[in-house]
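K.L.:
Take a look at this one; I'll ask things after.
Each reported figure results from applying straightforward, stated rules to the coordinates on display, with no laboratory input. Fair warning: this is a prediction, and the values are worked out from it, not measured in the lab. Here the Cβ positions follow ideal geometry from the backbone for every residue, glycine too, while neighbour counts run over all protein chains shown.
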Amino acid sequence: MRKKRRLRRGWLGDVISYAYLTILAAIAAFPLLWILLSSVKSKGELTGNPTAILPKEITFDFFKTVLGQLHFNVNIVNSIIVAGCTTLIAITISALGAYGVVRFFPKFGKVLTRVLITTYMFPPILLAVPYSIIMGKAGMMNNRAGLIIVYLSFAVPYAVWLLVGFFQTVPLEIEEAARVDGANKLQVFGKVVLPIVAPGVVAVAIYTFINAWNEFLYSLILMNSSDKMTVAVALKSLGGQEVMDWGVMMAASALVVVPSVVFFMLIQKKIAGGLAQGSIK
């Protein structure tokens with residue numbers, strides 16, 4: 001009898017938990033669903049009956065306006081270039097730096113990683129004025145390369161701190177065995193160590209890319225021309241018009257948000273698995 005009661009309580013608890021989580025998921029997903037449905041409504045329907053959820057007629061006129069007239073695709077390309085270059089450079093530098101800290105400077109590495117993570121106590125806006133002055137004197141204002149350098153100054157320290165945990169999970173005996181087989185230090189790092197910590201590198205790369213893709217403050221400060229703005233600033237500029245076109249805003253928001261959401265859903269297991277693996281120190 002006690003076992004049956006426990007089974008009933010366990011079954012009832014599971015039902016309540018899943019129902020509660022389903023409601024929370026629906027509430028969290030509703031804004032995204034609203035953006036998608038509003039972006040495919042006609043202009044008259046969107047202004048005449050804005051509270052209607054399902055569109056009476058599906059149209060892609062707002063997307064044509066965003067991509068054709070406003071040239072939002074140029075801003076998407078800018079974000080891809082900036083975020084992609086930031087990710088590649090940050091991963092290359094941080095992987096080498098984290099491996100060097102773990103294998104060659106273990107005592108100094110502990111102090112270094114603590115100093116790196118301590119810098120994140122201060123908000124990025126404190127460095128807005130110094131970075132603007134430096135980039136202005138260097139002639140890198142309104143330049144994608146200057147924006148990438150600024151992003152790297154934030155991405156590399158955090159990536160090094162994360163990757164140190166992953167490299168610490170690699171047994172030293174594996175590297176010594178590769179050395180005995182005739183591999184040099186670069187071959188050991190590239191062919192032995194990196195494949196082992198690949199889940200962690202992928203997780204850090206995705207985290208870096210998403211942060212660079214969504215960054216707004218420094219892109220707004222350093223970029224002046226519309227043809228070099230990233231999607232975050234371009235999307236904000238649509239809201240600064242005298243007459244708000246909600247259909248255009250919804251279509252532009254869908255182009256910015258939906259790809260990143262879909263991409264994150266596809267690789268969320270790798271991110272969770274990689275971060276869990278790197279947490280073992």
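K.L.:
How big is the charge dipole of the chain about its Cα centre, in debye rounded to the nearest 20, if each Lys and Arg gets +1 on its Cβ and each Asp and Glu gets -1 on its Cβ?
P.N.:
So the dipole magnitude of the chain works out to roughly 1440 debye.
K.L.:
Something else about it: Mind giving me the nanometre distance, one decimal, between the label points for Phe30 and Tyr120, set 7 Å out from Cα along Cα→Cβ?
P.N.:
Inter-label distance under the simple model: 3.2 nm.
K.L.:
Picking from Met265, Met135, Met250, which is most flexible by a Gaussian network model of the chain using Cα springs under 10 Å?
P.N.:
Residue with maximal mean-square fluctuation among Met265, Met135, Met250: Met265.
K.L.:
I would also like to ask the following. What are the trypsin sites (Lys or Arg not before Pro) within region 84-157 that DSSP puts in a loop, where the Cβ has at most 13 other Cβ atoms within 10 Å?
P.N.:
none
K.L.:
Let me ask something additional. If packing is taken as the average number of other Cβ atoms within 10 Å across a peptide's residues, how do 178-185, 223-230 rank, most packed first?
P.N.:
223-230, 178-185
K.L.:
Under Stokes-Einstein, with the Kirkwood radius over Cα pairs standing in for Rh, what whole-number D in µm²/s applies to the chain at 25 °C and 0.890 mPa s?
P.N.:
After rounding, the answer is 110 µm²/s.
K.L.:
To the nearest 0.05, what FRET efficiency results for Ile53 and Leu127 with a Förster distance of 30 Å applied to their C-beta separation?
P.N.:
0.10
K.L.:
Given the DSSP H assignment, sum -39500 (n - 2.57) over each helix run of at least 4 residues in the chain and divide by its residue total; what's the result at 222 nm in deg cm²/dmol, nearest 500?
P.N.:
The helix contribution divided over the chain gives -24000 deg cm²/dmol.
K.L.:
Which of Ile148, Gly48, Gly165 sits closest to the plus end of the dipole of the chain, meaning its Cα is farthest towards the positive end, when Lys and Arg get +1 and Asp and Glu get -1 on the C-beta?
P.N.:
Gly165
K.L.:
Using the structure shown, select from Lys107/Lys185; Lys64/Lys137; Lys107/Lys191; Lys137/Lys228 the pairs with a Cα to Cα distance greater than 31 angstrom.
P.N.:
Lys64/Lys137
K.L.:
Now, a different point. Please list the helices of the chain that count as membrane-span-like by this rule: a mean Kyte-Doolittle hydropathy of at least 1.0 together with Cα atoms stretching 15 Å or more along the helix axis, each helix being a complete DSSP H run.
P.N.:
Those that pass (Cα extent of 15 Å or more, hydropathy at least 1.0) are 72-104, 144-167, 198-214, 246-278.
K.L.:
Let a ≥ b ≥ c be the square roots of the eigenvalues of the Cα gyration tensor of region 36-103; is it rounded (a/c under 1.5), or, if not, prolate (a/b larger than b/c) or oblate?
P.N.:
prolate
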